[in-house]
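Chemist: Let me give you the structure first, and then I'll get to my questions.
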Amino acid sequence: MGNRYSRQILFKPIGEAGQEKIQNKHILILGCGALGSANAENLVRAGIGKLTIIDRDYVELSNLQRQQLYTEKEVTEQLPKAMAAKQRLQQINSSVVIDAYVMDATPVTLLPLLKNVDILIDATDNFETRFILNDLAHKEQIPWIYGSCVGSTGMSFTVLPDETPCLGCLMDTMPVSGATCDSVGIISPAVQMVVAHQTAEALKLLVGDNNACRTKLVTFDLWNNHYHMMKVDRAKKADCPTCGENPSYPHLNYESRTKSEVLCGRNTVQIRTPQKLNLDELAHRLQKIAPVRHNHFLLSLEYESYRLVFFQDGRTLIHGTDSIEKAKTIYNQLAG
Amino acid sequence: MGNRYSRQILFKPIGEAGQEKIQNKHILILGCGALGSANAENLVRAGIGKLTIIDRDYVELSNLQRQQLYTEKEVTEQLPKAMAAKQRLQQINSSVVIDAYVMDATPVTLLPLLKNVDILIDATDNFETRFILNDLAHKEQIPWIYGSCVGSTGMSFTVLPDETPCLGCLMDTMPVSGATCDSVGIISPAVQMVVAHQTAEALKLLVGDNNACRTKLVTFDLWNNHYHMMKVDRAKKADCPTCGENPSYPHLNYESRTKSEVLCGRNTVQIRTPQKLNLDELAHRLQKIAPVRHNHFLLSLEYESYRLVFFQDGRTLIHGTDSIEKAKTIYNQLAG
Amino acid sequence: MIKILLFAHLQEKAGSDQLTIDKEQTTIRDLKNILKETYQLIELDQVMTAVNEEYVMDDEIAKAGDTVAFIPPVSGG
Amino acid sequence: MIKILLFAHLQEKAGSDQLTIDKEQTTIRDLKNILKETYQLIELDQVMTAVNEEYVMDDEIAKAGDTVAFIPPVSGG
């Protein structure tokens, strides 16, 4: 590819040797929303060897305001984000190997994908999944880069197993955060600011310049012109169940997780079945009830005041309710 | 477009009223390189009413590492950046009006485009053009947002005519900066960090929340984990020739500018003629000398060890030399 | 005087991104209790706290002249 | 002791992003001259200077305990 990476090679801390390392590394990004799509675009442009991307959702109109890889076309086609992202990423750089998964991230589904992964990037939108990531990263000894944003604010921290405190050290109890993008909104610069920090840290780790990694937790607010770096060395706990001396990885106990969940602030319930769905069969059955839209990855229809989206991997989103009971009733009426 | 901007409307400082303002405003972005393409994408996703983009260059392979809107296809097609950007931007948001210009930014070419422009965003790669922008912005009383980056560093400042110091107050003499992306390289997170600041400031100005604007000059270094905000109130000079009491706008005197120039660090000379080029006629003539590539906007060919790119607007780039004399000789041999 | 910085949604609740508390010294726990009462900042049970840009626990002490930042984890992505 | 922060390409030239100068007080102009001699930082003729995060001119003074940042404008985009 000739001089494709010339400006990156000119940057002294990377250089020819660093560029070769980048092209031989494998990063997994969990989530292809705002943080995920922008992180993926950066790494693919930088020439990462292999990228694994995972997302359970599909592209919606309200995503376009801040989710970089998607256009109106993917909204119309109701493409799953992981697939839409992969398409665009390969147009940007055809030499990167991209594995895309449309699925729910659980300890069980994630573990097999962590083989030979050099760095994990957090682009999830909830702390439940982040604590799973935190446990898995320490169990498998993989650095991971936390990032989150809401409104005009965001934060990031680089977690290096055996060196830094982990997410559990910093937040003893899992935050029940009321502040999600779906409740208080978000502007795209907050996304990019987090991503700039995450990609910079990823590049340092990729070229092996670990000493350059930021050891502080960074928080910012672009609307109020704040930028705050917090020293966290003292937060590391010797008895931490994730990164301490006798880890128990409490968030990997998948059995305790519910099979139905309300997606926070989205007026949506997700129902998960262990079996894959046969979308063709389902389409055949449901088109008698309501007009059905259908692509290779999902099937959607409007039913009463609800919208249902069935995914091949066994999940169904019921938009238009926060009630698990109501959602189950509708689900059983249609697919049960 | 229904709930397209719902997450931005949920953000309190914007809200329904702010969103309506955004959709009725006009921003001009000067440059469609790294800063320009990312700023443009943000504003188009945010639903800006009208966007004017200006760039004199075409998409090259070495751009893809950090210039957001472009893919391998536009490199192969040798599309001018302004045109390639417009194509992608309209796919992202078909309701934004986008005016794209493939041209050199000079006081003469810029002035007519500033009519009804609410904000100017600096995405140029040189201080010569920035000082022209600074003069024009003050003459026309338009806020402008300075941004620049190199390596893992960058800076930004929001210039409000009659309020803040201007670029000339901060830098008495035009910097002869040795540090360009072409000499010391650049990583994409440095770009995004500047863009995050520029877009956030643009959004504040768009919704009329000028009090929220950052009054400090921000500088950062992502690799070395620095972030610095500098108070600049005292830099404002009453006798500044741009923003002072008796402005003379020294950088608008176009006559003094050369018609040939070496593009800094790019091993390239640009020759500018006042007449437009007839590319069809030129193609006809030149194909006898060497194989010619030709699209609606430009024509390129290899000649000896040089590559020449002729633009419709009268400019020619001669890649492979830093010597104006050598470049003129070749130009005259072929097009003269 | 202890300077308080509020991040994310705490700002909206308190109506400002900066507060001052007129105290010679206090534990973080007591400081949080004062703010919970004065500004109904119940969210303070789930924040990270920095004194002069360094992570501290609830039983540590802030003194006059210190800057205390309360940083609620945000979850979006 | 005056603390010096160097940004962008000044770092590479000086071999560090932070320096200290053992002086009670000095004008910025003199400080630049010292650094130009010691570290060959000729670029200091074209930088913005901040003392304790505030823009200053060359004839202003930095004192022991101050932090002086030299910020060279970068041109890329």
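The values are calculated or read from the model by the stated rules, or taken from the named source; none is laboratory data. Note that the coordinates shown come from a computational prediction; the quantities given were computed from them, not determined experimentally. Cβ placement follows ideal geometry from the backbone for every residue including glycine, while neighbour counts extend to all protein chains displayed. The protein model used for the area step is the full one, side chains on, heavy atoms only, and it has no ligands, DNA or RNA in it. Shrake-Rupley method; radii C 1.70, N 1.55, O 1.52, S 1.80 Å.
Chemist: For the condition over 28 Å from B:H294 (Cβ atoms) and either more than 14 Å from every other protein chain (Cβ to nearest Cβ) or crowded, with 20+ Cβ neighbours inside 10 Å (or both), what is the one hit in B:T109, B:T129?
Modeler: When all the criteria are applied, what remains is B:T129.
Chemist: If you don't mind, there's one more thing I want to ask. Filter the range B:289-336 down to residues that are in contact with a Gly (Cβ under 8 Å, 6 or more places away or on another chain) and hydroxyl-bearing (S, T, Y) and give me whichever is farthest from B:M83 (Cα to Cα).
Modeler: Here the residue is B:S305.
Chemist: For A:W223, all conditions in the list (1) within 22 Å of the chain's Cα centre (by Cα); (2) surrounded by 21 or more Cβ atoms within 10 Å (Cβ to Cβ); (3) at pLDDT 95 or above hold save one; what is the number of the exception?
Modeler: The one condition A:W223 does not meet is (1).
Chemist: Taking the range B:12-39 on its own, how many of its residues are more than 14 Å from chain D (Cβ to nearest Cβ), within 24 Å of B:Q87 (Cβ to Cβ) and of a type in the set (A, V, I, L, M, F, W, C)?
Modeler: The total comes to 3.
Chemist: Please go through (1) within 12 Å of chain A (Cβ to nearest Cβ); (2) of a type in the set (A, V, I, L, M); (3) within 26 Å of A:N63 (Cβ to Cβ) for B:A100 and return the number of the only condition it doesn't satisfy.
Modeler: Failed condition: (1).
Chemist: Quick check, is A:S37 more than 25 Å from A:T158 (Cβ to Cβ), among the small types (G, A, S) and modelled with pLDDT of 95 or more?
Modeler: Spelling it out, it is not the case that A:S37 is more than 25 Å from A:T158 (Cβ to Cβ), among the small types (G, A, S) and modelled with pLDDT of 95 or more.
Chemist: In the set B:N253, B:N278, B:N267, which member is open to solvent by 10 Å² or more (accessible area, probe 1.4 Å), farther than 29 Å from B:Q141 by Cα and away from every other protein chain (no Cβ under 14 Å)?
Modeler: B:N278
Chemist: Here's a check for you: in the range D:44-73, which residue that is open to solvent by 10 Å² or more (accessible area, probe 1.4 Å) and among the aliphatic types (A, V, I, L, M) is nearest to B:S156 (Cα to Cα)?
Modeler: D:V47
Chemist: From (1) of a type in the set (S, T, Y); (2) within 20 Å of the chain's Cα centre (by Cα); (3) closer than 30 Å to A:S323 by Cβ, pick out the condition that doesn't hold for A:T273.
Modeler: (2)
Chemist: Kindly indicate the residue of the range C:11-43 that is of a type in the set (A, V, I, L, M), in a helix (DSSP H, G or I) and modelled with pLDDT under 90 and also surrounded by the fewest Cβ atoms within 10 Å (Cβ to Cβ) among those meeting that condition.
Modeler: C:I42
Chemist: Given the criteria buried (at least 17 other Cβ atoms within 10 Å of the Cβ) and facing another protein chain (nearest Cβ under 8 Å), does B:R214 qualify?
Modeler: Yes; evaluated as a whole, the condition is true for this residue.
Chemist: Within 17 Å of the chain's Cα centre (by Cα) and open to solvent by less than 30 Å² (accessible area, probe 1.4 Å): is that true of A:L120 in this structure?
Modeler: Answer is yes for this residue.
Chemist: If you don't mind, there's one more thing I want to ask. Taking the residues in the range B:312-336 that are touching an Asp or Glu at 6+ places or on another chain (Cβ under 9 Å) and within 19 Å of B:D55 (Cβ to Cβ) as candidates, determine which candidate is surrounded by the fewest Cβ atoms within 10 Å (Cβ to Cβ).
Modeler: B:G314
Chemist: Quick check on the range B:227-242: of everything there that is more than 7 Å from every other protein chain (Cβ to nearest Cβ) and free of Cβ contacts under 8 Å to residues at least 40 places away in the same chain, which residue is most open to solvent (accessible area, probe 1.4 Å)?
Modeler: Taking the range B:227-242 and keeping what is more than 7 Å from every other protein chain (Cβ to nearest Cβ), we get B:233, B:236-242.
When the remaining residues are screened for being free of Cβ contacts under 8 Å to residues at least 40 places away in the same chain, the result is B:238-239.
Numbers: B:A238: 62, B:D239: 127 Å².
Within the range B:227-242, the match that is most open to solvent (accessible area, probe 1.4 Å) is B:D239.
Chemist: Please list, ordered by first then second residue, the pairs with beta carbon atoms under 6 Å, 6 or more apart or interchain, first in the range B:243-271 and assigned by TED's automatic domain parsing to the domain that holds B:V309, second open to solvent by 60 Å² or more (accessible area, probe 1.4 Å) and at pLDDT below 80.
Modeler: B:V269/B:V262
Chemist: Please work out if B:P165 is open to solvent by 10 Å² or more (accessible area, probe 1.4 Å) and either in the same structural domain as B:E20 (by TED's automatic domain parsing) or free of Cβ contacts under 8 Å to residues at least 12 places away in the same chain (or both).
Modeler: no
Chemist: B:P143 versus (1) in contact (Cβ under 8 Å) with a residue 12 or more places away in the chain; (2) buried (at least 24 other Cβ atoms within 10 Å of the Cβ); (3) at negative phi: which is the lone unmet condition?
Modeler: It fails just one condition, (2).
Chemist: For the range A:40-62, state whether one or more residues are small (G, A, S), within 30 Å of A:T316 (Cβ to Cβ) and more than 7 Å from chain B (Cβ to nearest Cβ).
Modeler: yes
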